[in-house]
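Take a look at the structure below.
The values are calculated or read from the model by the stated rules, or taken from the named source; none is laboratory data. Everything quoted here is computed from the prediction, not taken from an experiment. Please note: Cβ atoms are built from the backbone with ideal geometry, for glycine as well, and neighbour counts cover all protein chains shown. The accessibility values were calculated without ligands, DNA or RNA, using every heavy atom of the protein model including side chains. Shrake-Rupley method; radii C 1.70, N 1.55, O 1.52, S 1.80 Å.
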Amino acid sequence: KGLQLALDERDVQLLLDYFMYMQAEAPGFYYVLDFDKEACMRNVFWVDPKGRHDYVHFSDVVFFDTHYIKSKYGIPFVPIIGVNHHFQFVLLGCALIGDESQSTFVWLMRTWLRAVSGNSPKVVITDNDNSLIEAVSEVFPNAFHCFSPGHVLNEVGPTLSHKLSGLEVFVLELKECMFGSWSNEEFEHRWKNMVKEFDLADDKWMQSMYKDRRKWVPTYMRHVFLGGFCTVERSQSVASFFDKYLQKETKIEEFIDRYTLFLHERCEEEARADIETHHAPPISISRSPFEKQMSRLYTHATFKKFQNEVWGMAACRVRKEAEDEKTITFRVDDLERKQSFALSWDKGKCDMCCLCRLFEYNGFLCRHALSVLELLGISTIPSDYILKRWTRKAKIRDTTNPALINTNFRVQRLNYLCKVAMKLSEEGSSSGEAYQVAFNAIEEALKHCVGVNNSEKSVLETDRTAARGPYGKIKKVSKKQQEQLNERSRSFHESYISQQDTQGMVCQIVCCFL
């Protein structure tokens, strides 16, 4: 059952050994094992401390990538991906799952949500799949859910190739319909013409895609920040995120080694970007006050993308189209792109909206908005249009009131204690006397913490031993015993969770912080 189809006993042991090693090496490493009533492993989830820490700062957009499941890879791998302030993909969690049912995706999403302290993302991106749609609706009811545009386009071939002789022509038309429609009305008009031209009015897939158009057509996703995910090019780069490390025939032992290499190389890549941002001043390409302003704020990667928009201002021609008491409407002719864009400016709120929607996609202003600001005599970008997540200070958090810390979650306790320890280190290193005071206080506090942890751990281990059969294999436990184990474990280690599936079967999930 479940993962037993993909992993044999040795594979499972290799995974467990790796998890235990990671916990010893990296405090905050989190994993969960999901078993069925026959004690067969169904699903596995894990996230390293860096992934949990990254999510604290970049929790706006998350992508649950089922590419390796849909493509029938030997290892049923599901990475959970975000994007950092350098426009680099970051790994926010991983799973191996036994099937693609709604209950499995619900388990995965809830387990991940617990690992990141219950902080739901604002936007969830998935493939177009009914099980995923239902799972997102159940676990993230307040998040905006959209589809990966790359997956939508990849579905065209397998779904419509038997009906279309000119498949390539249709894909080009669909792309133009998706990304070339600057209003809902324009999309509706293009879609109807396309459906009529290719005689697809009765096709069920086309009907379902039209019904879900608000989840994948950019013009319907105004005012939703997508973190740069929802472009075809970005979707393709997400799909190739692990290609160097994972192939269809990869075995679990190779996967663990390559996954470790992947983490190492990603950390190095981010470290290089940090060093470049903080120690190598960016090169200006103009005398624009906007460029000068953002060169001091954005990371290098974001600034280079923003510079393209500053450079593109030279090809923009702005004219006022209409004006009333509250709003001015401008028309910006983009000579480079050979298109015209409408932009509205709210005079009272200093708020703007351009039909190119670059700010919604990527989180920085477009050349059309910059051209309008220049025309209005505004030489600095309003703070509402400078997202902290793209700046050098993206990972610097405001001081948190300790009274507001949710001590039910270890990651929040760890984050706050690290902040306090940093302050103590700074003050304690200022003089020899201060150092001795700080050192003695740390030594005393450490002894007390070890004593408390050992006391609670001994109680927990006693209960776990009672729940195991010969040679440490998990055996069935009563519902009452399960609840007792879970309650004790949850209060100290966040270690056990009970999951109840649609048949009412209680499954044991083990998540260790030992």
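Between S208 and E433, the FRET efficiency from the beta-carbon distance, with R0 = 56 Å, is close to 0.20. By the gyration tensor of its Cα atoms, with a ≥ b ≥ c the square roots of the eigenvalues, what is the shape of region 5-155: rounded for a/c under 1.5, prolate for a/b over b/c, or oblate? Oblate shape, in that a/c is at least 1.5 and b/c is the bigger or equal ratio. Close amide H partners of E321, meaning residues 5 or more places away or on another chain with modelled amide H under 5 Å apart, are T329, F330, R331. How many angstrom lie between the C-alpha centres of region 293-355 and region 143-180? If you average the Cα positions of each part, the centres end up 30 Å apart. Using the Karplus relation 6.51 cos²θ - 1.76 cosθ + 1.60 with θ = phi - 60°, the per-residue 3J(HN,Hα) values for region 251-257 come to 8, 4, 5, 5, 4, 4, 5 Hz, with x marking Gly and Pro.
Tell me, what is the FRET efficiency for Q293 and A322 to the nearest 0.05, using R0 = 41 angstrom and their Cβ-Cβ distance as r?
Working: r = 29 Å, r/R0 = 0.72.
Efficiency, from the Cβ-Cβ distance: 0.90.
Per-residue Karplus couplings for region 262-279, computed as 6.51 cos²θ - 1.76 cosθ + 1.60 with θ equal to phi - 60°, are listed in order as 4, 4, 4, 5, 5, 5, 5, 4, 5, 4, 4, 5, 4, 4, 4, 5, 8, 10 Hz, Gly and Pro entered as x. Once the Cα-Cα distance is subtracted from the 0.36 nm per residue extended length, the A445 to M20 segment shows a gain of 150.4 nm.
For region 289-390, the solvent-accessible area with a 1.4 angstrom probe is 48 square angstrom per residue.
For region 170-284, what does the alpha-carbon gyration tensor say about shape, rounded, prolate or oblate, given a ≥ b ≥ c as the root eigenvalues, a/c under 1.5 as rounded, and a/b over b/c as prolate? Write down the numbers at each step before the final one.
Values: a/c = 3.55, a/b = 1.68, b/c = 2.12.
Oblate is the answer for region 170-284, as a/c is 1.5 or above yet b/c matches or exceeds a/b.
Per residue, the average separation of C-alpha pairs within less than 8 Å and at least 6 apart gives region 149-222 a relative contact order of 32 percent. Distances between placed amide hydrogens fall under 5 Å for N128 paired with S148, all partners being 5 or more residues away or on another chain. Phi-derived couplings, Karplus 6.51 cos²θ - 1.76 cosθ + 1.60 at θ = phi - 60°, listed residue by residue for region 436-453: 5, 4, 5, 4, 5, 5, 5, 4, 5, 5, 5, 4, 5, 5, 4, x, 5, 5 Hz, with x used for Gly and Pro.
Extension gain, K338 to S183, is 54.1 nm, computed as 0.36 nm per intervening residue step minus the present C-alpha separation.
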